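Notes for the one structure printed next.
Bear in mind these aren't lab numbers, they're just calculated from the coordinates by the rules spelled out. If you're wondering where the values come from, they're calculated on a predicted model, not measured in any experiment. Virtual Cβ from ideal backbone geometry, glycine too; neighbours counted across all protein chains shown.
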Amino acid sequence: MGRWEPDARGRLVGAALELYAERGFDQTTVADIATRAGVTERTFFRYFVDKREVLFDGAHTLETAVVGGITSAAQRGTPLDVVAEAFAGATSLLEERRDFARQRAAVIAATPGLHERELLKLAGLGAAAADALRGRGVPDPAAGLAAEAGVAVFRIGFERWIGDAAAGTLAACIRSALAELKALTGGG
């Protein structure tokens with residue numbers, strides 16, 4: 001390895017995304033990623049448990065932000081409004097990483113095992129949101145329904161945001177998806 005350079009973590013993420021796009025996720029090894037980033041495999045494992053975590057490392061941060069948004073929301077509004085607004089409020093974590101989000105989504109879409117993991121992470125996010133709603137006194141099944149619908153609104157808004165540069169901010173895409181859901185169900 002050459003001389004030490006700053007931002008090993010960022011270089012590892014960039015190298016991983018490049019390699020996943022070039023070779024595919026399954027054909028890329030941790031050694032490949034480390035070599036491309038100019039670090040050792042040991043350095044890779046200081047930042048990530050495995051090569052999947054390069055793509056899913058921020059899930060806990062998003063969950064914490066969404067749960068915090070639900071917990072601190074004003075007492076007005078429906079549970080679905082509270083959840084959707086918590087997702088919209090957490091978008092600053094993603095807004096500055098739009099290119100990464102696009103590349104990440106493409107890698108996940110091309111790899112069935114990663115798609116499955118993404119769905120599991122979203123299910124965990126929905127469960128955490130439902131727990132936060134229950135903590136606010138929302139009974140079941142309303143808490144679970146609102147949380148799952150909120151995850152769906154987030155996912156649709158996210159897909160729109162990464163797929164269309166003219167779609168506006170992620171928060172606007174989430175709010176638009178919520179409005180469409182309400183119109184579809186007769187609630188808006």
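Taking every Cα-Cα distance in segment 1-97 and sorting them into 10 Å bins starting at zero, the pair-distance distribution P(r) comes out as 15, 35, 23, 17, 9, 1 percent. Using the beta-carbon distance between Leu119 and Thr185 and R0 = 22 Å, what value does 1/(1 + (r/R0)^6) give for FRET efficiency, to the nearest 0.05? E(calc), rounded to 0.05, equals 0.45.
Add -39500 (n - 2.57) for each DSSP H run of 4 or more in the chain, then divide by its residues: what number comes out at 222 nm, to the nearest 500 deg cm²/dmol? The helix contribution divided over the chain gives -23000 deg cm²/dmol. Within the chain, the percentage of alpha carbon pairs spaced more than 30 angstrom apart rounds to 27%.
Rounded to the nearest 0.05, what FRET efficiency do Asp50 and Arg98 give with R0 = 25 Å and r taken as the Cβ-Cβ distance? Could you check? The value I calculate is 0.50. Which shape class applies to segment 55-150: rounded if a/c is under 1.5, otherwise prolate when a/b exceeds b/c and oblate if not, where a ≥ b ≥ c are the square roots of the Cα gyration tensor eigenvalues? It is prolate, given that a/c is not under 1.5 and a/b is the larger ratio.
Given +1 at the Cβ of Lys and Arg, -1 at the Cβ of Asp and Glu and no other charges, the dipole of segment 65-188 around its Cα centre is 80 debye to the nearest 20. Taking every full run of DSSP H in the chain, the ones that stretch at least 24 Å from end to end by Cα along their long axis and average -0.5 or higher on the Kyte-Doolittle scale are 112-135, 142-163. D by Stokes-Einstein for segment 100-186, Kirkwood Rh over Cα pairs, 10 °C, 1.306 mPa s: 113 µm²/s. Comparing Leu184, Ala171, Gly38 along the charge dipole axis of the chain, the residue lying farthest to the positive side is Gly38, per the Cβ-charge model.
With 0.36 nm allotted per residue and the present C-alpha distance subtracted, the Glu18-Ser72 stretch has 15.6 nm of extension available. Stretching the chain fully between Thr169 and Asp140 yields a gain of 7.2 nm (0.36 nm per residue, less the alpha carbon separation).
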